[in-house]
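Please read the structure below before turning to the comments.
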Amino acid sequence: NTPYRELFASRDNENSGRQLYEKADGRWNLPILRDRLDRVLSRNEEMTSCEIELDVDPIGRRLLSLHARRIPGDGERSELILLDIDDVTERRAVDENRATETRHKDEFLAMLAHELRSPLSPIAHAVHLLQQGEAAPTSKLYEMIERQTKRLTRLVDDLLDVARINR
């Protein structure tokens, strides 16, 4: 059909009466595809989401998702297959990009949690000492609490800046 001819830059006379495996200089002659289409004809199984990579002139390597089912033949051919070919190259690239972004975000959050824990430990320890009365309230403890609190505030401010930029 026309979309096939446009995608694969083929002419009508290259396709008429030929098996799919013979088209496009044999690029479709793949064992997995032959097996799956054989099952469509012999067992009347539907083929869903069979993904293959194929070199498509002149646009290059493409990821194609194929779906097929057997349909009633006509007078000349007893066995026919309706084949749907979707070019999913861009969609897969977008999905992979999202997965990478999610992984980077998770790594950032893990690093941030670690960075936030660093100033919290001395603060928690100082508060514990002050509550237990084991240490006389000294300016040293208060200075440390103040210093670590400022550090926490900077980290939280940085986190809010990142959130604003992402929005």
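The values are calculated or read from the model by the stated rules, or taken from the named source; none is laboratory data. Just so we're clear, the structure is a prediction, and the values are computed from it rather than from any experiment. Glycine gets a Cβ as well: all are built from the backbone with ideal geometry, and neighbour counts include every protein chain shown. Note: accessible area is taken over every heavy atom of the protein model, side chains too, but ligands, DNA and RNA are not part of it. Shrake-Rupley method; radii C 1.70, N 1.55, O 1.52, S 1.80 Å.
Return yes when Arg167 is open to solvent by 80 Å² or more (accessible area, probe 1.4 Å), under 30 Å from Ile71 (Cα atoms) and without any contact (Cβ under 8 Å) to a residue 40 or more places away in the chain and no when it is not. Walk me through how you get there before you give the answer.
Details: open to solvent by 80 Å² or more (accessible area, probe 1.4 Å): yes; under 30 Å from Ile71 (Cα atoms): no; without any contact (Cβ under 8 Å) to a residue 40 or more places away in the chain: yes.
For Arg167, the condition - open to solvent by 80 Å² or more (accessible area, probe 1.4 Å), under 30 Å from Ile71 (Cα atoms) and without any contact (Cβ under 8 Å) to a residue 40 or more places away in the chain - is not met.
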Review point. What is the one condition in (1) small (Gly, Ala, Ser); (2) in contact with a helix residue (DSSP H, G or I) (Cβ under 8 Å, 6 or more places away or on another chain); (3) surrounded by fewer than 14 Cβ atoms within 10 Å (Cβ to Cβ) that Ala93 does not satisfy?
Key: (2)
Exercise for review: Could you grab me the full set of residues in region 125-139 that are in a helix (DSSP H, G or I) and surrounded by 11 or more Cβ atoms within 10 Å (Cβ to Cβ)?
Suggested key: His125, Ala126, Val127, His128, Leu129, Leu130
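Any residue at all in region 45-60 that's over 22 Å from Phe8 (Cα atoms), over 22 Å from the mean Cα position of the chain (by Cα) and open to solvent by less than 90 Å² (accessible area, probe 1.4 Å)? Outline the logic, then answer.
At the first step, the residues of region 45-60 found to be over 22 Å from Phe8 (Cα atoms) are 45-46.
Imposing the further condition that a residue be over 22 Å from the mean Cα position of the chain (by Cα) reduces the set to 45-46.
This time we only want the ones that are open to solvent by less than 90 Å² (accessible area, probe 1.4 Å), so: 45.
Yes: region 45-60 contains one or more residues that are over 22 Å from Phe8 (Cα atoms), over 22 Å from the mean Cα position of the chain (by Cα) and open to solvent by less than 90 Å² (accessible area, probe 1.4 Å).
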Point to revise | Members of region 144-164 found to be more than 26 Å from the chain's Cα centre (by Cα) and open to solvent by 50 Å² or more (accessible area, probe 1.4 Å), listed by number | key: Glu146, Arg147, Thr149, Lys150, Arg151, Thr153, Arg154, Val156, Asp157, Asp158, Leu160, Asp161
Point to revise | Residues of region 65-111 satisfying the condition of being among the small types (Gly, Ala, Ser), at pLDDT 90 or above and out of contact with any Ser or Thr (no Cβ under 7 Å at 6 or more places or on another chain) | key: Ala68, Ala93, Ala99
Check your understanding: Could you count how many residues in region 112-139 are out of contact with any Leu (no Cβ under 7 Å at 6 or more places or on another chain), at pLDDT 80 or above and among the charged types (D, E, K, R)?
Key -> 1
